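The values are calculated or read from the model by the stated rules, or taken from the named source; none is laboratory data. In this text the structure is predicted, and so the values were computed from the model without any measurement. Cβ atoms come from the backbone with ideal geometry, glycine included; neighbour counts cover every protein chain shown. All accessible areas refer to the heavy atoms of the entire protein, side chains included, with ligands and DNA or RNA removed. Shrake-Rupley method; radii C 1.70, N 1.55, O 1.52, S 1.80 Å.
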Amino acid sequence: IIHTKKKKKYNIRLLAAALIMEFGNRIINFYFITHAVTGVDKGFLISNHSLWLYVQSIDRTDGSFLITNDIFLTLFFLVFGVSLIIWSRDRVRIQKMSMYFLAVMSWITAFLYCEWGVVLTPFFICTYFFRDNKVRFYMSCVLIELIAIFFRSEVFYFLVFPIICLYNGKRGPKNRLSKMFFYFFYPVHLWIIFIINYCLNT
C-alpha cells in the first residue's frame with residue numbers, strides 16, 4: 001500500500017477478490033450442504049434458491065463443515081483504512097477527521113467480523129505506523145503474539161515474525177504473475193482442499 005501509486009485500483013481489486021471468493025464459498029457450501037447435511041429436509045434446501053445466501057448460518061451436526069475463509073475481505077478493510085489515512089494528508093480538518101473515523105470503523109469491522117481479524121488488524125496497524133521504528137515494531141510483535149495465543153489459541157504465530165523482519169522495505173517483482181498469482185491461488189487451493197475433505201469424509 002505504501003509502494004503502489006494506484007491505491008484506488010488496489011482497493012477495488014481486493015474488494016473484487018473478496019466478493020468473488022465469498023460468492024464461490026457460498027456456491028460450494030450450498031452444493032455440498034444439500035448432499036451432506038443430515039436431519040434437514042434436503043428437498044427444501046435444493047428448492048429454496050435464496051437459502052444459499054444464508055447457508056453459512058445453518059447449525060452443522062454431522063461432523064462436516066462449511067468453508068468461510070475470505071482473507072481478501074480482511075485485507076480490504078485493513079488496506080482501505082490505511083488508504084484513508086494516506087488520502088487524508090492534503091484534506092481540510094473536517095475531511096481529515098471524517099476519513100480518520102472511517103479508517104477506524106474499517107479496522108474495527110476487520111477486527112470483529114473478518115477472518116483472522118483479531119490478529120491481523122493490530123499487526124497491520126503496527127506494521128504501518130511503526131514501519132520506521134524497529135524497536136516499537138518488535139515490541140508490538142510480542143503483544144500480537146499474546147493476542148494470537150489468548151484469542152486464537154495460535155501458540156506458534158511468533159514463527160512468522162523472523163521471516164517478516166527479513167523484509168528489506170523494497171518493492172518486490174513488478175509483473176502480472178507476482179501481482180495476480182495469490183488472488184487465484186488462495187481461493188482455489190482452499191476450495192480444492194474443501195472438496196477433497198468432503199470426499200474423504202463421505
- Item | Output for the range 67-84, where each listed residue is aliphatic (A, V, I, L, M) and touching a residue at least 24 places away in the same chain (Cβ under 8 Å) | ILE67, ILE71, LEU73, LEU75, LEU78, VAL79, VAL82
- Query: Taking ILE94, is it β-branched (Val, Ile, Thr), open to solvent by 70 Å² or more (accessible area, probe 1.4 Å) and over 21 Å from the mean Cα position of the chain (by Cα)?
  - Reply: yes
- Query: Can you pull out the residues in the range 172-190 that are assigned to a helix (DSSP H, G or I), out of contact with any helix residue (DSSP H, G or I) (no Cβ under 6 Å at 6 or more places or on another chain) and open to solvent by less than 90 Å² (accessible area, probe 1.4 Å)?
  - Reply: SER178, MET180, TYR186, VAL188, HIS189, LEU190
- Does the range 77-91 hold any residues that are open to solvent by less than 30 Å² (accessible area, probe 1.4 Å), of a type in the set (A, V, I, L, M, F, W, C) and closer than 12 Å to THR121 by Cα, and which are they? LEU78, VAL79, VAL82
- Message: I'd like to verify a number: residues in the range 171-196 that are in contact (Cβ under 8 Å) with a residue 12 or more places away in the chain and over 18 Å from LYS9 (Cβ atoms), how many?
- Response: 6
- Can you name the condition, by its number, that THR109 falls short on among (1) hydroxyl-bearing (Ser, Thr, Tyr); (2) modelled with pLDDT of 95 or more; (3) out of contact with any Leu (no Cβ under 8 Å at 6 or more places or on another chain); (4) surrounded by fewer than 19 Cβ atoms within 10 Å (Cβ to Cβ)? (4)
- Could you tell me whether PRO162 is at pLDDT 80 or above, outside any helix (DSSP H, G or I) and open to solvent by 70 Å² or more (accessible area, probe 1.4 Å)? no
- Query: How do the pairs read when you match residues in the range 1-15 that are in contact (Cβ under 8 Å) with a residue 24 or more places away in the chain with residues anywhere that are aromatic (Phe, Trp, Tyr), using Cβ under 7 Å and keeping only pairs 6 or more apart or on different chains?
  - Reply: ILE1/TYR10; ASN11/PHE76; ASN11/PHE80; LEU14/PHE72; LEU14/PHE76; LEU15/PHE76
- Any residue in the range 146-159 that is modelled with pLDDT under 90, assigned to a loop (DSSP other than H, G, I, E, B), among the basic types (Lys, Arg) and surrounded by 10 or more Cβ atoms within 10 Å (Cβ to Cβ)? no
